[in-house]
Structures are given as structure tokens and as C-alpha cells.
Amino acid sequence: MNGIKINHLTKVFGGVRAVDDLSISIAGGAATGLIGPNGSGKTTLMNLITGLLKPDCGTIEIDGEIFDNINPQKLRDLRIARTFQDGRLVDQLSVDDNLLLAIAENDTRKSLLQINTSSMQERLDKTLKKIGLTAHREKMAEDLSYGQRKLLEMGRALIQDADIYLLDEPFSGLFARQIENVLKLITDLKKSEKTIVIIEHNMGLIKQVADKLIVLDHGQLLASGSPNVVLKNKSVQQAYLGV
């Protein structure tokens with residue numbers, strides 16, 4: 001069960017310390033909710049963990065391996081998958097192809113050989129069934145509804161069969177039935193003892209899935225612990241919940 005340790009991590013944008021000397025531990029095999037006000041550094045932290053941004057200082061430890069900067073091409077080796085709040089779909093590709101693209105190796109020739117295997121097709125079919133898009137598999141991504149696009153984004157992470165899942169607002173903009181679908185997907189990941197980090201603003205939803213909450217404010221750790229304890233913390237209520 002791969003966990004993540006953040007040690008004195010800092011990222012500065014034009015004088016603004018988006019992540020400010022942050023040290024936290026994310027338990028392996030559990031679901032951790034990453035919450036905080038807008039601009040508190042949540043997505044920046046995910047971008048640092050997945051190598052989309054380079055830290056100014058500090059380290060990231062994953063499964064005992066320490067990095068001062070993670071190469072995005074190494075995420076497969078580290079068994080990390082993530083979703084994006086705004087989605088990273090290729091609109092002119094079908095649902096099937098968007099899913100296959102998510103698991104393509106750097107070696108294009110090897111990828112093409114794998115895509116045509118029965119095991120890969122079985123993996124694709126299984127993922128489509130999980131996200132409820134089997135009937136839409138031949139549609140172009142641009143022709144999907146917003147909710148279907150969010151489900152496809154989730155499917156792109158699931159099909160990678162990772163150990164660590166970083167989910168950036170997976171529930172935002174979904175209807176009730178779609179929310180229930182995503183809740184089930186996350187619950188199934190928990191049952192498989194995957195490490196899950198979820199950015200979410202809906203406290204009702206985050207309390208349903210998170211074993212632990214980490215609260216950021218101005219790039220720093222404000223509080224951490226069980227949801228019931230953290231959400232009663234006066235500093236958290238003042239900074240985040242506005243009470």
C-alpha cells in the first residue's frame with residue numbers, strides 16, 4: 001500500500017507561495033480528502049506530485065523513493081493515476097480511444113500491439129461498464145454531456161489500474177445519479193486498498209468517502225485528522241467554512 005510523504009515542499013508563483021514549506025503524510029490504502037479555500041494550494045500540490053510542476057524546494061516520497069522533482073513519464077512506474085477538474089480528454093477521439101490513450105506506453109509500437117490483445121479489450125470493456133458508458137463507446141468525446149465527460153475522465157484513471165489515485169473534484173457538476181456512480185467507484189477503490197487523494201468542496205460527499213482530511217490554507221497545513229474532528233476545528237471553520 002503505497003503512501004505519499006511531502007517534506008518541506010514549496011512552490012512560488014510571482015511572489016505568491018502557493019505551497020509553503022508543506023510537510024504532510026498521506027496514508028497508503030486509505031482515502032484522504034484534501035480540502036481548503038480556493039487558492040489554498042490543493043491542485044498545485046497535485047501538480048507537484050504528478051510532475052506537472054517542479055518544486056522550488058522540498059521532496060516527495062512515494063513508496064520509499066524520494067524525489068525532488070517527478071518526471072511525468074515516471075507516473076506509470078510509480079503506479080499513479082489522476083483526474084483533472086477541467087478534464088483532459090481529446091475531443092476528436094472516441095470514448096474507447098480516450099480510454100486506450102490513457103494506458104498507452106511511451107513506446108507507440110508496443111502500445112499498438114497491446115491494444116489489439118484480448119486482455120486489453122477485456123480491460124476496456126470492464127472500465128466502460130464501471131463508468132456506465134458502454135452504450136456511448138463509439139461517440140466522440142466532444143459529443144458527450146458534461147457529466148459523461150466527467151465519468152470518462154474517471155475511467156481514464158481507473159483503466160490504468162494504479163495503486164495511487166489523485167482525484168481533482170470528481171463530483172463537480174454531476175447529477176445525483178452520476179454522483180452515486182462516482183461514489184461507488186471510489187468505494188470500490190477503497191475496498192481494493194488503493195491510496196486515494198480527493199479534492200472536494202462538498203463536505204457531505206467528502207465525509208462519506210474520506211478516512212482522513214488534510215486542510216490547506218495559503219499553501220500551509222491548517223489541520224489534519226478524521227473528518228468529524230477536523231470539521232469541528234474552529235480554525236478550519238473560520239478559514240474554510242466561513243463560520
Residue by residue through region 14-21, which ³J(HN,Hα) values in whole Hz follow from phi under the Karplus form 6.51 cos²θ - 1.76 cosθ + 1.60 (θ = phi - 60°), with glycine and proline marked x? x, x, 8, 8, 5, 10, 10, 6
As an exercise, identify the GluC sites (Glu not before Pro) in region 169-224 lying in DSSP coil whose Cβ has no more than 13 other Cβ atoms within 10 Å. 193
Expressed as a fraction of 2.2 N^0.38 Å, the rule-of-thumb size for a compact globular protein of N residues, what is the C-alpha radius of gyration of region 1-140? 1.23
With only helices counted (DSSP H, runs n ≥ 4, each -39500 (n - 2.57)), the per-residue ellipticity at 222 nm for the chain, to the nearest 500, works out to -9500 deg cm²/dmol
Cα coordinate range in the chain, projected on the principal axes (Å, largest first): 52, 39, 34
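Region 160-243: which trypsin sites (Lys or Arg not before Pro) are DSSP loop and have at most 12 other beta-carbon atoms within 10 angstrom? Provide the component values of the computation, followed by the final result.
Working: sites: 177, 184, 190, 191, 194, 207, 212, 232, 234; in loops: 194, 232.
Those satisfying the criteria are 232.
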Report the Cα centroid-to-centroid distance between region 55-101 and region 1-48 in angstrom, as an integer. 15
Loop chymotrypsin sites (Phe, Trp or Tyr not before Pro), region 111-198, which have at most 12 other Cβ atoms in a 10 Å radius of their Cβ (DSSP): 175
Of the candidates 87, 183, 73, the farthest towards the positive dipole end of the chain (Lys/Arg Cβ +1, Asp/Glu Cβ -1, centred on the Cα centre) is 183
At q = 0.15, 0.19 Å⁻¹, what log₁₀ I(q)/I(0) does region 70-211 have when each alpha carbon counts as one equal point scatterer in the Debye sum? -0.74, -1.20
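Each value in this text was obtained by applying a stated rule to the coordinates, not by laboratory testing. As the structure is a prediction and not an experimental result, all values here were calculated from the model. Cβ coordinates were reconstructed from backbone atoms using ideal geometry, including for glycine residues, and neighbour counts include every protein chain displayed.
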